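Here's the structure, in structure tokens; my notes come after.
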């Protein structure tokens, strides 16, 4: 007992999560090193010059280690007391990007800090949104079975997403949809998730099928539903009106809404990315932005298709056991764009093959299951909701990033947690994870 009092930082701490975190960060630095390694110019001193991405990531890791220790030494009540204030601060930071923001790759979502370093408030806002959502759902007067409470929770989660879309950061905006998993765990009706999933299936079907064929299929499904529910419909005529209304809505979405969004709302390259993900070509001559740019009459090159093709080549060339450390020809040849950030998974696939990727994803799986285990042992609703927020965000990032690199999801520019290069991303996931570790260390307390 006396020993614990002299070492309060380790009291109640879940070391398994910390070790998994440290291993993944180390793997991230290793992957970035593999991408940038040049035997002609490399020296051990390059790790400390901070002129290379792997040396900068090492610096980010050191800063994050200090932040992690600070969090572990902090009081758990700090995060409940200031959750709403943190959230307002995050929203203000995101609004600040519209004033002093720096445009990087077409996205005005960065605040320059000097010295070549930039801060992305949309990343940090994941922390603040997680705390604010946990704070709201843990309040005694919150009845999450009521529509009003559900609407407030959705507003808390989606407000940063709307700002991200305005900053042209669609990928980060989508990451906030992971909070719906948390809300489902806390009592959000399952039919809402079913509706959302069904809408996604309808959109994909609209992209890959001929419009009239899909309309006929939807009509057959509606007619079949009416036939099998004919007895219920006789008792309640309103069911027939609902079925007809849903059929009309689905046909309207596939015939009018989806084409309008792709041709008039999305930029040409965004529509291309989504079409490429389902194996289809998009005609930019139909796109309003392309017409405005006088690009309708020109041949459109599909850069995103090139990215995915090169990514598939790199991962596939690794085979079962990989080419070996620093022996990847695709990685060393710089064939894959953004290979140290969004496509960092390709370096693992090429160097260590299917086996290495499986073991790597296994580490993520262990981390996710450990976070869920930690979530379920909390006495406090605040801590449980926050833990599920972390698990949902990490899961979403992993699933989307890996699927993106192998062509199963559109390229939306979303980092691989703790692996992809970037100070904002690494800091965000560090703070997310270590606040959870801090809350779990005080799991006997009931926090609100």
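The values are calculated or read from the model by the stated rules, or taken from the named source; none is laboratory data. Because the structure is a prediction, the values reported are computed rather than measured. Glycine gets a Cβ as well: all are built from the backbone with ideal geometry, and neighbour counts include every protein chain shown.
Those helices (runs of 4 or more DSSP H) of the range 16-115 in which 1 or more residues are touching a strand residue (DSSP E or B) at 6+ places or on another chain (Cβ under 7 Å) and modelled with pLDDT under 90 occupy 83-100. Among the residues making up the range 152-167, those that are more than 24 Å from residue 253 (Cα to Cα) and crowded, with 18+ Cβ neighbours inside 10 Å are 153, 156, 157, 159, 160, 163, 164, 167.
Report whether or not residue 131 is within 16 Å of the chain's Cα centre (by Cα) and not in a loop (DSSP other than H, G, I, E, B). If you could, list the steps in order and put the result at the bottom.
Details: within 16 Å of the chain's Cα centre (by Cα): no; not in a loop (DSSP other than H, G, I, E, B): yes.
Taking the combined requirement at face value, the residue does not satisfy it.
One residue is enough: does the range 139-151 have a residue meeting the conditions under 21 Å from residue 86 (Cβ atoms), crowded, with 21+ Cβ neighbours inside 10 Å and without any contact (Cβ under 8 Å) to a residue 60 or more places away in the chain? Looking for residues that are under 21 Å from residue 86 (Cβ atoms), crowded, with 21+ Cβ neighbours inside 10 Å and without any contact (Cβ under 8 Å) to a residue 60 or more places away in the chain, one finds none in the range 139-151, hence no. Inspect the range 41-53 for any residue being surrounded by 14 or more Cβ atoms within 10 Å (Cβ to Cβ) and within 23 Å of the chain's Cα centre (by Cα) and give the result as yes or no. Yes, the range 41-53 contains at least one residue that is surrounded by 14 or more Cβ atoms within 10 Å (Cβ to Cβ) and within 23 Å of the chain's Cα centre (by Cα). Yes or no: residue 224 assigned to a helix (DSSP H, G or I), surrounded by fewer than 12 Cβ atoms within 10 Å (Cβ to Cβ), modelled with pLDDT of 85 or more and out of contact with any helix residue (DSSP H, G or I) (no Cβ under 6 Å at 6 or more places or on another chain)? So residue 224 passes the test. Scanning the range 175-198 for residues being in a helix (DSSP H, G or I) and either on the phi > 0 side of the Ramachandran plot or surrounded by 14 or more Cβ atoms within 10 Å (Cβ to Cβ) (or both) gives a total of 13. Scanning the range 263-279 for residues that are free of Cβ contacts under 8 Å to residues at least 40 places away in the same chain and surrounded by 16 or more Cβ atoms within 10 Å (Cβ to Cβ) yields 263, 266, 267, 268, 269, 271, 272.
Within the range 393-408, can one find any residue that is in contact (Cβ under 8 Å) with a residue 24 or more places away in the chain, in contact with a helix residue (DSSP H, G or I) (Cβ under 9 Å, 6 or more places away or on another chain), under 28 Å from residue 143 (Cα atoms) and surrounded by 24 or more Cβ atoms within 10 Å (Cβ to Cβ)? Yes: one or more hits.
Could you look through the range 289-324, keep only residues that are exposed (fewer than 15 other Cβ atoms within 10 Å of the Cβ), at pLDDT below 75 and farther than 16 Å from residue 342 by Cβ, and pick out the one that is nearest to the chain's Cα centre (by Cα)? The qualifying residue nearest to the chain's Cα centre (by Cα) is 301.
The single condition among (1) touching a helix residue (DSSP H, G or I) at 6+ places or on another chain (Cβ under 6 Å); (2) closer than 30 Å to residue 439 by Cβ that residue 35 does not meet is (2). Listed by first and then second residue, the pairs linking a residue in the range 174-197 that is over 20 Å from residue 139 (Cβ atoms) to a residue that is buried (at least 17 other Cβ atoms within 10 Å of the Cβ) and at pLDDT below 80, with Cβ atoms under 8 Å apart and 6 or more places separating them unless they lie on different chains, are 174/412. Taking residue 206 as the residue in question, decide whether it is over 19 Å from residue 158 (Cα atoms), in a helix (DSSP H, G or I), touching a helix residue (DSSP H, G or I) at 6+ places or on another chain (Cβ under 8 Å) and without any contact (Cβ under 8 Å) to a residue 24 or more places away in the chain. No; evaluated as a whole, the condition is false for this residue.
All conditions in (1) in contact with a helix residue (DSSP H, G or I) (Cβ under 6 Å, 6 or more places away or on another chain); (2) more than 26 Å from residue 129 (Cβ to Cβ); (3) assigned to a helix (DSSP H, G or I) hold for residue 320, with the sole exception of (3). Residues of the range 110-128 include none that is within 24 Å of residue 265 (Cβ to Cβ), surrounded by fewer than 18 Cβ atoms within 10 Å (Cβ to Cβ) and touching a residue at least 24 places away in the same chain (Cβ under 8 Å).
Looking only at the range 338-358, how many residues end up being in a loop (DSSP other than H, G, I, E, B) and either out of contact with any helix residue (DSSP H, G or I) (no Cβ under 7 Å at 6 or more places or on another chain) or over 16 Å from residue 37 (Cα atoms) (or both)?
The number of residues fulfilling the criteria is 4.
Let me spell it out: the conditions are (1) modelled with pLDDT of 90 or more; (2) farther than 13 Å from residue 87 by Cα, and residue 156 meets all of them except one. Which number is the exception? Tallying (1) modelled with pLDDT of 90 or more; (2) farther than 13 Å from residue 87 by Cα, residue 156 fails exactly one: (2).
Every residue in the range 71-102 that is surrounded by 12 or more Cβ atoms within 10 Å (Cβ to Cβ) and farther than 19 Å from residue 129 by Cα, please. 72, 74, 98, 101, 102, listed by residue number.
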